[in-house]
Every structure is written in structure tokens, then in C-alpha cells.
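The values are calculated or read from the model by the stated rules, or taken from the named source; none is laboratory data. Given the structure is predicted, the values throughout are model-derived calculations rather than measurements. With ideal geometry, Cβ positions are generated from the backbone for all residues, glycine too; neighbour counts draw on all protein chains shown.
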Amino acid sequence: MSDFKQYLKKILIIALVIYVCFLLQTSVFSRYRLAGVTPNVLICVVSTYGFMKGRKYGILIGFFVGILLDIFSGGLFGMYALIYMYIGLLNGLFKKQFFGDDLRLPMILIGTSDLIYGVATYLALFAIRSQYDFSYYLLNIILPEVVYTLLVSIFVYYAILHINNWVEKLEKKGSDRIGYY
């Protein structure tokens with residue numbers, strides 16, 4: 001029963017992180033646009049959990065973040081879930097290279113993930129409808145969003161890192177306590 005409680009606690013904490021970041025992305029940052037774009041905070045969440053915890057976490061968190069966006073976007077249902085799942089999977093491949101305090105790998109992966117997200121969104125939403133001005137979209141939407149996301153992701157990454165370390169410390173303390181009985 002104790003393992004179930006720890007697992008449920010972990011799920012609830014991740015769900016809370018996703019919910020808070022979803023609210024930040026859709027309400028707070030939508031009022032503070034830079035160069036006409038908002039940061040993609042949810043990419044930070046999916047990428048961070050992907051390379052911190054591995055492919056399974058990346059895929060699952062990417063799926064639920066994508067479904068959340070699909071529900072509230074009203075667009076092509078399942079598109080965001082698919083994009084975020086692949087982003088979570090790709091970031092999960094870098095779990096072995098992850099070191100908590102080194103900021104280079106997370107920033108490279110988050111920036112690359114946002115770039116992939118922007119290109120995939122362009123292909124799914126605009127290129128299919130014969131709107132082929134990719135250079136305009138790249139220079140005016142994708143790249144400014146990547147820069148803004150990278151600025152915000154420094155804070156989001158460290159917040160998630162501290163939350164993850166706290167959860168692991170609680171799990172370790174709980175497993176040590178069980179060993180004494």
C-alpha cells in the first residue's frame with residue numbers, strides 16, 4: 001500500500017506541475033507577449049521530465065500535455081498529443097547524458113524541442129492548407145518563440161528539478177522507513 005501511495009503522490013505532483021504550467025502558458029504569458037509570441041512552457045515540462053526520467057515519462061507526460069492542449073485548442077484533435085509524445089520520446093533518449101546542475105544539455109534540448117514543435121505545427125496547420133511561406137513563419141514565429149521559451153525555461157527547469165529532487169528524497173525517506181519495520 002505504501003508503494004501505491006508514493007506512486008499516487010508522484011502522479012499528483014506531476015499533474016500539478018502540468019496544470020500550473022498550462023495556466024502560466026495560457027493565461028499569464030499570453031498577456032506578456034514578446035515579439036508577438038508567448039513562451040511554450042509545456043515544452044519545458046515535457047522536455048525536462050523526458051530527459052530527467054526517461055522515455056516512458058516523456059511519452060506519457062507528452063501525451064497528457066498534448067491531450068490537454070488538444071481539448072482546449074479546438075483544432076485538429078490528437079495533433080498536439082502526437083507532437084508532444086514524440087518530443088517526450090526524443091528527450092527521453094538523453095537520460096543517460098543528464099546531469100542535474102549542468103544547464104547546457106537542458107537548454108539545447110528544450111530549444112531543439114521547441115524548434116521541432118514549431119516546424120511540426122507549421123507542417124500540420126499551414127503547409128497542409130497550401131500556405132507555404134515557411135521563411136516568414138520561421139523568422140517571425142518559430143525563432144522568437146524558441147528564444148522566449150529558452151528564457152522562461154531556465155526558471156521552469158530549475159523549479160521542476162527541485163520538485164523532482166524533493167519527491168525523490170521523500171521516496172527514499174519512505175523506503176528507508178519501511179525497511180526498519
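So, in the range 18-44, of the ones that are touching a residue at least 60 places away in the same chain (Cβ under 8 Å) and not in a helix (DSSP H, G or I), which residue ends up nearest to Val152 (Cα to Cα)? Walk me through how you get there before you give the answer.
Taking the range 18-44 and keeping what is touching a residue at least 60 places away in the same chain (Cβ under 8 Å), we get 21, 29, 34-41, 43-44.
This time we only want the ones that are not in a helix (DSSP H, G or I), so: 34-40.
Working: Leu34: 12, Ala35: 15, Gly36: 16, Val37: 13, Thr38: 10, Pro39: 7, Asn40: 9 Å.
Here the answer is Pro39.
Looking at Tyr148, is it modelled with pLDDT of 90 or more, part of a helix (DSSP H, G or I) and under 14 Å from Ser47 (Cα atoms)?
Details: modelled with pLDDT of 90 or more: yes; part of a helix (DSSP H, G or I): yes; under 14 Å from Ser47 (Cα atoms): no.
Criteria not met by Tyr148.
If you go through the range 87-112 one residue at a time, how many are touching a helix residue (DSSP H, G or I) at 6+ places or on another chain (Cβ under 9 Å) and surrounded by fewer than 19 Cβ atoms within 10 Å (Cβ to Cβ)?
Initial filter on the range 87-112 (touching a helix residue (DSSP H, G or I) at 6+ places or on another chain (Cβ under 9 Å)): 87-95, 97-101, 103, 105-107, 109-112.
If we keep only those that are surrounded by fewer than 19 Cβ atoms within 10 Å (Cβ to Cβ) as well, we get 89, 93, 95, 97-101, 103, 105, 107, 111-112.
Counting residues in the range 87-112 that are touching a helix residue (DSSP H, G or I) at 6+ places or on another chain (Cβ under 9 Å) and surrounded by fewer than 19 Cβ atoms within 10 Å (Cβ to Cβ) gives 13.
Tell me which residues, restricted to the range 114-144, are of a type in the set (D, E, K, R) and closer than 20 Å to Tyr86 by Cα. Working first, answer last.
Within the range 114-144, the first condition is being of a type in the set (D, E, K, R), and the residues that meet it are 114, 129, 133.
Listed by number, the list holds a single entry, Asp114.
Checking the structure you have, find out if any residue of the range 37-50 is farther than 23 Å from Leu143 by Cβ and either small (Gly, Ala, Ser) or surrounded by 12 or more Cβ atoms within 10 Å (Cβ to Cβ) (or both).
The initial filter retains those residues of the range 37-50 that are farther than 23 Å from Leu143 by Cβ, namely 49.
Now restrict to residues that are either small (Gly, Ala, Ser) or surrounded by 12 or more Cβ atoms within 10 Å (Cβ to Cβ) (or both): 49.
Checked the range 37-50: at least one residue is farther than 23 Å from Leu143 by Cβ and either small (Gly, Ala, Ser) or surrounded by 12 or more Cβ atoms within 10 Å (Cβ to Cβ) (or both).
Say we look at the range 64-93 and pick out the residues that are of a type in the set (Gly, Ala, Ser) and modelled with pLDDT of 90 or more; which of these is nearest to the chain's Cα centre (by Cα)? Break it down stepwise before answering.
The initial filter retains those residues of the range 64-93 that are of a type in the set (Gly, Ala, Ser), namely 66, 73-75, 78, 81, 88, 92.
Pick out the ones that are also modelled with pLDDT of 90 or more and you get 66, 81, 88, 92.
On the way: Gly66: 10, Ala81: 12, Gly88: 7, Gly92: 12 Å.
The qualifying residue nearest to the chain's Cα centre (by Cα) is Gly88.
Could you tell me whether Val28 is among the aliphatic types (A, V, I, L, M) and crowded, with 18+ Cβ neighbours inside 10 Å? Don't jump to the end; show me each part of the working.
Values: among the aliphatic types (A, V, I, L, M): yes; crowded, with 18+ Cβ neighbours inside 10 Å: no.
Here the answer is no, as Val28 does not meet what is asked.
Each row is one residue, and each column tells you yes or no for (1) within 21 Å of Thr121 (Cβ to Cβ); (2) not in a loop (DSSP other than H, G, I, E, B).
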{"residue": "Phe77", "(1), (2)": "yes, no"}
{"residue": "Asn91", "(1), (2)": "yes, yes"}
{"residue": "Lys96", "(1), (2)": "no, yes"}
{"residue": "Phe99", "(1), (2)": "no, no"}
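Collect the residues in the range 45-68 that are without any contact (Cβ under 8 Å) to a residue 40 or more places away in the chain and either of a type in the set (A, V, I, L, M, F, W, C) or not in a helix (DSSP H, G or I) (or both), keeping them in residue-number order.
Ile59, Leu60, Phe63, Ile67
Just give me the residues in the range 113-139 being surrounded by fewer than 17 Cβ atoms within 10 Å (Cβ to Cβ), assigned to a helix (DSSP H, G or I) and hydroxyl-bearing (Ser, Thr, Tyr), in sequence order.
Passing the criteria: Ser135, Tyr136.
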